[in-house]
Amino acid sequence: MILLLMSQPHLPLQEGLPDLLLKGLAVLAAPLTAWAGYRLVYPVSLQRRQRHLVQMMLRDLAAIADNPDALARRRVWQARLYHRALRLVRLSERLAGARDRALAQSLAILTLAHAAMRCHALLAAPDTPDPTRRAAGLARRRLARIARDAGRAGPSLDRLAQRLDGAEAQAIRQAARGLRHVAPAA
């Protein structure tokens with residue numbers, strides 16, 4: 001490749017030896033400059049990749065909560081979140097002491113996504129009582145803003161859990177408790 005870059009399209013060569021050496025130096029310096037910029041300006045570390053995956057999962061969670069058609073695309077959202085959760089856990093296995101935190105964050109975000117889907121289902125059901133519908137709408141809106149303000153979603157999820165009973169209430173309470181794993185990374 002260097003030979004192709006250094007070759008001239010016409011013969012005889014009209015440039016002198018200093019010009020050819022300068023072009024040769026430029027050809028060799030370009031990859032080294034790019035490598036140094038990549039290492040110094042945008043260092044890719046495992047911690048940075050881990051933070052990026054958590055941020056992507058939080059954006060997906062907000063998109064699920066904000067999208068009125070989320071129930072129709074439930075399998076797509078679940079597959080995307082599960083894939084990212086698995087990548088996060090696998091990536092964290094290479095970091096010392098990060099595996100437990102990655103597991104907790106992944107499970108918390110997955111649980112919150114299920115809570116957002118449950119809020120959509122409650123809003124779509126015609127037999128949902130009005131107080132429960134209002135609580136589900138508030139929880140859904142707060143989950144849509146989780147990246148900016150994760151602390152406000154917890155009380156609204158707790159209020160929704162008070163209006164539900166059985167396994168549904170327990171799942172919503174578990175999602176609210178999971179916010180403590182998500183809030184520092186948000």
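Calculated FRET efficiency, Glu168 to Tyr38, Cβ-Cβ distance, R0 = 35 Å: about 0.10 to the nearest 0.05. Stretched out straight at 0.36 nm per residue, the stretch from Arg90 to Gln47 would grow longer than its current Cα-Cα span by 14.2 nm.
Angle of helix 99-124 to the longest C-alpha principal axis of the chain, folded into 0 to 90 degrees and rounded to 10: 50°. A helix-only calculation puts the chain at -24500 deg cm²/dmol for mean residue ellipticity at 222 nm, using -39500 (n - 2.57) for each DSSP H run of at least four residues, averaged over all residues.
Where nothing but the Cβ of Lys and Arg (+1) and of Asp and Glu (-1) is charged, how large is the charge dipole of the chain around its Cα centre, in debye to the nearest 20?
On the way: 30 positive and 13 negative charges, 135 e Å.
Approximately 640 debye in magnitude.
The residues of the chain present an accessible area of 63 Å² per residue when probed at 1.4 Å with all protein chains retained. Computed across region 85-148, the Kirkwood radius stands at 13.4 Å (inverse of mean 1/r, all Cα pairs). Here the chain exposes an accessible surface that is 58 percent carbon and sulfur, computed with a 1.4 Å probe and the other protein chains kept in place. Measuring nothing but how far apart in sequence close Cα pairs (under 8 Å, 6+ apart) lie, relative to its length, the chain scores a relative contact order of 22 percent. Taking 0.36 nm per residue of sequence separation and removing the Cα-Cα distance, the Lys23/Arg99 pair yields an extension gain of 22.5 nm.
When peptides 133-141, 91-99 are ranked by their average number of other Cβ atoms within 10 Å per residue, the highest-first order is 133-141, 91-99.
Note on Arg148 and Arg73: with the Förster distance fixed at 25 Å, the Cβ-Cβ geometry gives a FRET efficiency of about 0.60.
Over the C-alpha atoms of the chain, the Rg to Rh ratio, Rh being the Kirkwood estimate, stands at 1.32. Taking Cα atoms only, the orientation of helix 153-163 departs from the longest principal axis of the chain by about 30 degrees.
Relative to the longest principal axis of the Cα atoms of the chain, the long axis of helix 130-144 lies at roughly 20 degrees.
The values are calculated or read from the model by the stated rules, or taken from the named source; none is laboratory data. Source: prediction; values computed, not measured. Every residue, glycine among them, receives a Cβ derived from its backbone with ideal geometry; neighbour counts consider all protein chains shown. Each accessible area value is taken on the protein alone, full model and side chains, heavy atoms only, with ligands, DNA and RNA left out. Shrake-Rupley method; radii C 1.70, N 1.55, O 1.52, S 1.80 Å.
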